[in-house]
1. Would you mind stating whether Ala511 is in contact (Cβ under 8 Å) with a residue 24 or more places away in the chain and buried (at least 16 other Cβ atoms within 10 Å of the Cβ)?
2. Restricting attention to the range 356-367, does a residue exist that is open to solvent by less than 10 Å² (accessible area, probe 1.4 Å), farther than 28 Å from Asp780 by Cα and in a loop (DSSP other than H, G, I, E, B)?
3. Would you pick out the residues in the range 566-604 that are open to solvent by 60 Å² or more (accessible area, probe 1.4 Å) and within 30 Å of Gly386 (Cβ to Cβ)?
4. Of the residues Asp75, Asp87, Asp95, which single one is surrounded by fewer than 19 Cβ atoms within 10 Å (Cβ to Cβ) and either among the β-branched types (Val, Ile, Thr) or under 15 Å from Glu136 (Cα atoms) (or both)?
5. Checking Gly459 against (1) in a loop (DSSP other than H, G, I, E, B); (2) under 30 Å from Glu358 (Cβ atoms); (3) without any contact (Cβ under 8 Å) to a residue 60 or more places away in the chain; (4) not charged (D, E, K, R), which single condition isn't satisfied?
6. Given the conditions (1) over 23 Å from Ile753 (Cβ atoms); (2) assigned to a loop (DSSP other than H, G, I, E, B); (3) of a type in the set (A, V, I, L, M, F, W, C), and given that Ala558 satisfies all but one, which numbered condition is not satisfied?
7. Restricting the search to the range 310-352, which residues are of a type in the set (Ser, Thr, Tyr), buried (at least 16 other Cβ atoms within 10 Å of the Cβ) and closer than 20 Å to Arg435 by Cα?
8. Tell me whether the range 741-756 contains one or more residues that are closer than 30 Å to Leu561 by Cβ, not hydroxyl-bearing (Ser, Thr, Tyr) and not in a helix (DSSP H, G or I).
Amino acid sequence: MSMFDDLLIKPGFEDETEYSPILTLEDEEEVKNDEVIPDLLPILALKNTVLFPGIVIPITVGRNKSIKAIRKAYDSDKLIGVLSQIDSKIENPADNDLYRIGTIARIMKILRMPDGTTTAILQGRRRFYLNNMVSESPYMQGAISTISYEKPINELEFDAMISSIKDLSRQIIELSNNIPSEAIVMLKNITNNNFLLNFIASNSGIKIEEKQKILEISNLEQKAKKVLVNLDNELQLLKLKDKIENKVRTDLDKQQREYFLNQQLKTIQEELGNQPGEDDITKFIEKAEKIVWPIKAKEVFDKEINKLRRMNPQMSEYSVMLNYVELLTDLPWENYSKDNFDLKNVKKVLDKDHFGLEKVKERIIEHLAVLKLKGDMKAPILCLVGPPGVGKTSLGNSIASALNRKYVRMSLGGLHDESEIRGHRKTYIGAMPGRILQSLKKSGTSNPVFILDEIDKIGKDFRGDPSSALLEVLDPEQNTTFHDNYLDFEYDLSKVLFIATANSLNTIQPALLDRMEIIEISGYSNEEKKEIAIRHLVPQQRENHGLKESQLKIDDDAIDLITKKYTRESGVRSLNRQIAAVIRNVATKIAMGTSKKVHLKLEDVEPILGPPTFNYDIYSDIQEPGVAVGLAWTSVGGDILFIESNKSPGKGKLTLTGNLGDVMKESATTALSYLKANAIKYHLDPKIFDETDIHIHIPEGAIPKDGPSAGITMLSALTSLLLNKKIKPHLAMTGEITLRGKVLPVGGIKEKILAAKRSNLNEIILCSDNKKHIEEIPKDYIKDMVFHYVNKMEDVIKIAIEQ
């Protein structure tokens, strides 16, 4: 923005901001001698502008305080103190947000605009200093004192500077396309030197801070020097701008000339048999000679190179073809990294990076063992399913490192467009290959470890179904001939080790699920979390916070407390955050010099992290009949579920609350029907079912709940209620029931058992068919737990109900 640009009216308004300064020949020196300036004035805060004496500006007033100040001043002597804001972003400025020196303004007119806003016409009169802010409500009012200018000591030098200012202003007006030539006549008509300086400073394109500095200068010689420097800078900028525009104009003429010559040169080259763009073609051919090509790819490359040679480089298709040939030479094709067949070393690397996850590690070792013996084998398609934070994604990087392969990760969460997988046809503008080929191009090999992260969160809309496009990628029988729309012929993905990750299998398309080898990763037990914290999390956070090993020692008991009392999760993300909070506290003490090294003990945890977040004792003791504890599986691991029941006189109505799904409601109905059919067997009066209303409630009603595994828990709670006998303490159960009183197996057993252990529930009832799942859990983790394996509901009631 150059000087005098503000002479042009600009559309759009802001609160208390200026529009175009209006020229007035009245200066503060010409203010009537009898005009009385009061000691107290209403104060108006301006954003993005500075009002100078002698200048008239219109402002739109939007803030309530400002409107009240304007109205107050207009109703009295029409004088108001105008101060600029230091920070224009502040909507409700206080005393400290305003400059101390401003301008006393006379309100010439107040206009009510058609859009409902208020516009005031202000004329600057004299400068003032704000001694103190007397009040800020309902509007700002301040005690002021006026400031006068110091006359120049050297009149001759001052006049010379004024003359230079006028000359520079004239040159700026001549160079600028935005300033009308009439502005030169306007400048000539200004005879008051002080007003000339104020007028130029007000209309200059300098920052608000610079304008405020000019307003605050009382010495007219210094003020003229400051304005002169700003004008000189602006003139140099305009000259440079004019020079650049002339150069661009010349360059355009030069380009037209070169185009004409290029066309002539092209004609000459065609006559001589030479082709433009030969350098690019030569470069691609040299690069292709070093590539081990599949037969089909080599044929396509040769065909495309011949097309390029015949094509005019000026055609738009030339760049499309050039990009296509470049992709052909950039893809790794038959370039494979050499696998690390030292199986012991591979296992050592996997164990070092991740604690537990034995199934995944065994599967990788098996694949390498077969590959070592056979020499050639299609890579398996693995899908790691488990709750968040158990290390599914990071395991991929560890596997790549152990196998000595490149690592590629592709996030599928929220992916909607099928072309992200298959690419676009190269005839479209801006077409590119799909992310599968792009990732292989970046990796530089055709056998990387390829992580397809969050495969259960793929979207689907009018742009296609990416999960269907993945069917070809993840089928070992088809991915040898994967077809990308941009490449437009087959690419072999069979050597790529694809590892998909998911939190749940429910949202994965069945056909896609069928193509993958599912490996379920259960949540960690407290013992495993403790080991992970000691081996990985504490050293990692210590390094992240710049601490040495000698500066911090954390007792195992302290880590055990953090694990049990401050986290409740299947993974270790929350545990990692809590450990980071503890180490931040230690780092602060060391950085402030209060401690050189810290030994964190059990009793030090609570002062840092606060009271324990989770209390598992509430699950242990059941004080009344009709309440049983069940075990539930969620996408983030196992959890504990209270089943509460109550009875009241009525007509046999069953009420179910707690945001239950249809399957869970059916379990409750089945349990009640079973009890009705076997009332005498359990010493129940059959009449009680017709004379009693039963209410079953599962707490945490905001969370949806469903599934059949609460069947035996509901039956136990109802039996306990109707017999008026309590369920044994420290007991939890899970299992589906039938009308015949059979107990059926359920899933998610490891997660449920770990949740029970975290909650100090050491006695579990479950179906006999689930015994195999218990045997998969390491003995050390369940050594203090007792398991009751049952097949019939009567066995459950014998164990659960206190005799």
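1. Details: in contact (Cβ under 8 Å) with a residue 24 or more places away in the chain: yes; buried (at least 16 other Cβ atoms within 10 Å of the Cβ): no.
Answer is no for this residue.
2. no
3. Across the range 566-604, the qualifying residues are Arg568, Arg573, Arg577, Arg584.
4. Asp95
5. Gly459 satisfies all of (1) in a loop (DSSP other than H, G, I, E, B); (2) under 30 Å from Glu358 (Cβ atoms); (3) without any contact (Cβ under 8 Å) to a residue 60 or more places away in the chain; (4) not charged (D, E, K, R) except (2).
6. (2)
7. Within the range 310-352, Tyr324, Thr329 meet the criteria.
8. Yes, the range 741-756 has at least one match.
The values are calculated or read from the model by the stated rules, or taken from the named source; none is laboratory data. From a predicted model like this one, the values you see are computed outputs, not experimental measurements. All Cβ positions, glycine included, derive from the backbone under ideal geometry; neighbour counts span all protein chains shown. Surface areas here come from the heavy atoms of the whole protein model, side chains and all, with no ligands, DNA or RNA. Shrake-Rupley method; radii C 1.70, N 1.55, O 1.52, S 1.80 Å.
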